[in-house]
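A.B. asks: Shown below is the structure under consideration.
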Amino acid sequence: MLKTTKAKQAVEIITPDLAITGQLFTPLGGALVDLFNQKDRPFLPMSDATLYPQQGGRRQPNPIGTVSFLVLRREHCLVVLSDQPLPPALPGQTTLRQVFMLDDFLLEGSIAVPTGSRLSDVLGRTHTFFPAAQVKLYGGVRLPIDAQDHPLAAFASAVVNLAAVLAITEAVGGMVSPR
């Protein structure tokens, strides 16, 4: 019997021009963010991929193609959305609700940071890709997000390409950094 070392995870990946749905192969027991932070792997294998045009974070309804396998250049991924939840914050961590501003859409999500740390210090020490939990995707870049705004989609977690983020701000009602 073959020993399985990888698991498939259903994701939606937003690139500058496309939204791609499909399956990524993650190491068993490994986190999606770890896969994206492997600098020695510029391309990631994806199966059962459907490609859609996207604008403002909105996946258009009609796909432009479906392929059984493709390799995706990691650096072109702006956000990777998943229904797989992240583990809860560890003792000694504070959960902050933040809004990530990208070129033409917003992503609101919860991030875990060491208690007493400033967000800028944490992000300055982290890898290029950063995990967020309980995320909501909003079209456009109007701030602040309030109760009248309706998300385009909601997911259990996301991996955000910090190199593509223009700014990060606290979400309305989000916990303020204790520092």
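A quick yes/no check of all residues on (1) surrounded by 12 or more Cβ atoms within 10 Å (Cβ to Cβ); (2) among the small types (G, A, S); (3) not in a strand (DSSP E or B):
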site: K8; (1), (2), (3): yes, no, no
site: A19; (1), (2), (3): yes, yes, no
site: G22; (1), (2), (3): yes, yes, no
site: F25; (1), (2), (3): yes, no, no
site: Q38; (1), (2), (3): yes, no, yes
site: L90; (1), (2), (3): no, no, yes
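A.B. asks: Ok, one more. T169 versus (1) modelled with pLDDT of 85 or more; (2) over 13 Å from the mean Cα position of the chain (by Cα); (3) under 22 Å from R41 (Cα atoms): which is the lone unmet condition?
C.D. replies: Of the numbered conditions (1) modelled with pLDDT of 85 or more; (2) over 13 Å from the mean Cα position of the chain (by Cα); (3) under 22 Å from R41 (Cα atoms), the odd one out for T169 is (3).
A.B. asks: Assess whether G57 counts as being farther than 30 Å from V172 by Cβ and in contact with a strand residue (DSSP E or B) (Cβ under 8 Å, 6 or more places away or on another chain). Full working, then the answer.
C.D. replies: Details: farther than 30 Å from V172 by Cβ: no; in contact with a strand residue (DSSP E or B) (Cβ under 8 Å, 6 or more places away or on another chain): yes.
Here the answer is no, as G57 does not meet what is asked.
A.B. asks: Looking at the stretch 41-80, which of its residues are at positive phi and either in contact with an Asp or Glu (Cβ under 8 Å, 6 or more places away or on another chain) or of a type in the set (A, V, I, L, M) (or both)?
C.D. replies: Selection gives G56, G57.
A.B. asks: Here's something else I'd like to know. Within the stretch 47-64, track down each residue that is at pLDDT 95 or above and assigned to a strand (DSSP E or B).
C.D. replies: S47, D48, A49, T50, L51, Y52, P53
A.B. asks: Which residues, taken from the stretch 126-155, are modelled with pLDDT of 90 or more and either acidic (D, E) or under 14 Å from I111 (Cβ atoms) (or both)?
C.D. replies: F129, F130, P131, A132, A133, Q134, V135, K136
A.B. asks: Could I ask something else about it? Can you find a residue in the stretch 92-100 that is closer than 23 Å to Q23 by Cα, surrounded by 16 or more Cβ atoms within 10 Å (Cβ to Cβ) and either of a type in the set (F, W, Y) or in contact with a Ser or Thr (Cβ under 8 Å, 6 or more places away or on another chain) (or both)?
C.D. replies: no
A.B. asks: For the structure I just gave you, tell me whether V67 is part of a strand (DSSP E or B) and either over 23 Å from R142 (Cα atoms) or not assigned by TED's automatic domain parsing to the domain that holds A164 (or both).
C.D. replies: Working: part of a strand (DSSP E or B): yes; either over 23 Å from R142 (Cα atoms) or not assigned by TED's automatic domain parsing to the domain that holds A164 (or both): yes.
In short, yes.
A.B. asks: Output the residues belonging to the stretch 16-40 that are modelled with pLDDT under 95, on the phi < 0 side of the Ramachandran plot and not hydrophobic (A, V, I, L, M, F, W, C).
C.D. replies: Within the stretch 16-40, P16, D17, T26, P27, G30, D34, N37, Q38, K39, D40 meet the criteria.
A.B. asks: While we're on this one: Out of the residues in the stretch 70-88 that are part of a loop (DSSP other than H, G, I, E, B) and without any contact (Cβ under 8 Å) to a residue 60 or more places away in the chain, which is nearest to the chain's Cα centre (by Cα)?
C.D. replies: Out of the qualifying residues, it is P87.
The values are calculated or read from the model by the stated rules, or taken from the named source; none is laboratory data. Quantities reported herein were computed from a predicted structural model and do not represent experimental measurements. All Cβ positions, even for glycine, are placed from backbone atoms using ideal geometry, and neighbour counts span all protein chains on display.
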